[in-house]
Amino acid sequence: MKHAFSDLFDTKRPLVALSPMAGFSSVSFRGICHSLGSDYAPTELTSARSIVMNGIAKSYRFMTIDPAAEGVTAIQLFGNTPDDFAEAMKIICDDPRLAPVDIFDINMGCPVPKVVKTGAGSALMKDPVLAGKIVKKARETAESLGKVLTVKTRTGFTELTLNGPEFARVLVESGAEAVCVHGRTAKQMYTGKADWEQIRLMREAVSKSGVYFFANGDVKDGSSAKAILEATGADGLMIGRAACGNPWIFTEVKNCLSGKENDNKMPTLSEKCDMLITELEGRTREVGEKLAVTEMRSVMPQYIKGFPGAAKVKVALCRASTKMEVRQILDDCLKEENGNG
Ligand SMILES: Cc1cc2nc3c(=O)[nH]c(=O)nc-3n(C[C@H](O)[C@H](O)[C@H](O)COP(=O)(O)O)c2cc1C
């Protein structure tokens with residue numbers, strides 16, 4: 001059974017992954033990103049406790065995987081006890097739909113109060129001993145299930161407690177097979193600039209371990225992808241927000257990192273509208289039309305960002321409640337772009 005990170009990928013080159021994002025990392029979007037160059041994409045965070053307490057039915061939609069479309073698959077869990085992670089992983093692997101998952105990723109970076117107040121997510125950065133116990137137990141369980149165990153974290157809980165390097169060492173010594181660091185503290189949430197120097201210090205602290213290290217935060221295009229790798233010494237990188245409405249970023253970044261001529265061909269409005277519909281159709285298959293359209297309200301405007309009249313179209317898209325309405329709004333937008341409006 002495969003259970004080494006390097007069995008899953010060609011780790012000699014920089015991997016470029018879609019960073020997990022609650023509300024955005026649907027299985028259809030992850031598949032789209034993979035088709036355009038993303039190496040893999042963990043699901044958004046799911047509560048290990050909830051799986052242990054209630055089984056997987058309630059959480060299934062957030063953990064749906066599609067190995068045919070996604071390639072390597074990864075489910076992200078959050079929690080605050082070693083036993084919950086171990087139990088949740090076993091329950092997941094008992095479900096034939098989820099059993100093929102390749103990677104379990106532990107969330108040690110979520111700053112949202114609802115998660116932090118349970119002692120999970122970024123709160124674990126305040127308790128490296130417990131974090132180490134969680135990783136150790138989760139790694140043992142992952143190995144017994146033939147799965148890989150990775151961790152995603154931040155630089156510290158606040159700017160006054162930047163324990164990133166020490167924390168990264170704990171993760172690696174406890175058995176994390178890959179680590180991803182988002183270069184912000186939990187207190188920063190998503191504000192300010194990602195601190196690539198702190199990521200570099202964390203990378204340096206575990207550089208001898210051979211554990212694959214991802215840098216994350218503020219990568220927006222090919223040149224910032226190159227820059228984050230150079231600044232941090234990371235092996236690979238994850239891209240979050242900049243991929244929303246722009247899954248082509250993975251092609252751009254891959255071309256840039258492999259030194260291929262980047263033709264810099266921006267997708268046209270028509271291509272962007274087609275992709276929006278592809279994502280919407282995918283989400284409709286997942287959760288039905290009504291919920292798909294509602295949940296895509298935060299994503300749809302990202303596809304048309306920067307095009308003339310985007311602000312007006314954005315308002316209309318945010319009011320749409322059926323696929324037909326979305327199509328009509330996009331058709332009108334395209335007509336206007338082509339001067340036929
Ligand atoms: C809306 C939203 C939801 C997120 N949800 C998750 C999540 O479920 N798990 C996780 O590890 N990180 C989550 N993140 C953090 C991102 O994965 C990423 O670390 C962060 O956005 C920084 O990367 P970026 O600058 O490329 O966006 C989320 C971020 C955003 C904006």
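Would you work out if the range 298-339 is rounded, prolate or oblate? Take a ≥ b ≥ c from the square roots of the eigenvalues of the alpha-carbon gyration tensor; rounded if a/c is under 1.5, else prolate when a/b is larger than b/c, oblate otherwise.
Verdict is oblate for the range 298-339.
With all distinct Cα pairs included, what does the Kirkwood hydrodynamic radius of the chain come out to in Å, to one decimal, could you say?
Kirkwood hydrodynamic radius for the chain: 20.5 Å.
Which number comes out as Rg/Rh for the range 269-337 once both Rg and the Kirkwood Rh are worked out on C-alpha atoms?
The Rg/Rh ratio comes out at 0.93.
Whole angstrom only: what separates the Cα centroid of the range 283-341 from the Cα centroid of the range 189-257?
30
Computing the accessible area with a 1.4 Å probe over protein heavy atoms, can you report the carbon and sulfur percentage for the chain?
54
Grab the DSSP H runs of the chain that are 4 residues or longer, score each as -39,500 (n - 2.57), total them, divide by all residues and round the 222 nm result to the nearest 500 deg cm²/dmol.
Helix-only estimate at 222 nm: -13500 deg cm²/dmol.
In terms of modelled amide H atoms, which long-range or inter-chain residues lie less than 5 Å from the amide H of Ser47?
Phe78
What's the long-distance tail for the range 1-47, i.e. % of Cα pairs beyond 16 Å?
Distances greater than 16 Å cover 46 percent of the Cα pairs.
Kirkwood Rh, Cα Rg: Rg to Rh for the range 48-161?
0.97
Which far-off residues, 5 or more places away or on another chain, put their amide H under 5 Å from the one on Thr185, with H placed in the peptide plane?
Hits under the 5 Å cutoff: Thr155.
Run the simple label-point estimate for Asp274 and Glu159 please: 7 Å along Cα→C-beta, distance reported in nm.
About 4.7 nm separates the two model spin labels.
Ordering Tyr212, Tyr190, Tyr60 from largest to smallest accessible area (1.4 angstrom probe), what's the sequence?
Tyr190, Tyr60, Tyr212
Residues of the range 17-46 with backbone nitrogen within less than 20 Å of a virtual label 7 Å along the Cα-to-Cβ line of Asp10, please, listed as ranges.
Output list for this probe position: 17-18, 33-41.
³J(HN,Hα) across the range 166-183 via Karplus (A = 6.51, B = -1.76, C = 1.60, θ = phi - 60°), whole Hz, x for Gly/Pro?
3J(HN,Hα) across the range 166-183, in whole Hz: 5, 5, 4, 4, 4, 4, 5, 5, 8, x, 4, 8, 8, 10, 10, 10, 8, x.
For the chain, with every protein chain kept in place, what is the accessible area per residue (1.4 Å probe, Å²)?
44
Roughly how many whole Å is it from the C-alpha centroid of the range 125-167 to that of the range 50-106?
Cα centres, the range 125-167 to the range 50-106: 18 Å.
The values are calculated or read from the model by the stated rules, or taken from the named source; none is laboratory data. This is a predicted model, so every value here is computed, not measured. Cβ: placed from backbone, ideal geometry, glycine included. Neighbour counts: every protein chain shown. Remember, those area values only see protein heavy atoms, side chains included, never the ligands or the DNA or RNA. Shrake-Rupley method; radii C 1.70, N 1.55, O 1.52, S 1.80 Å.
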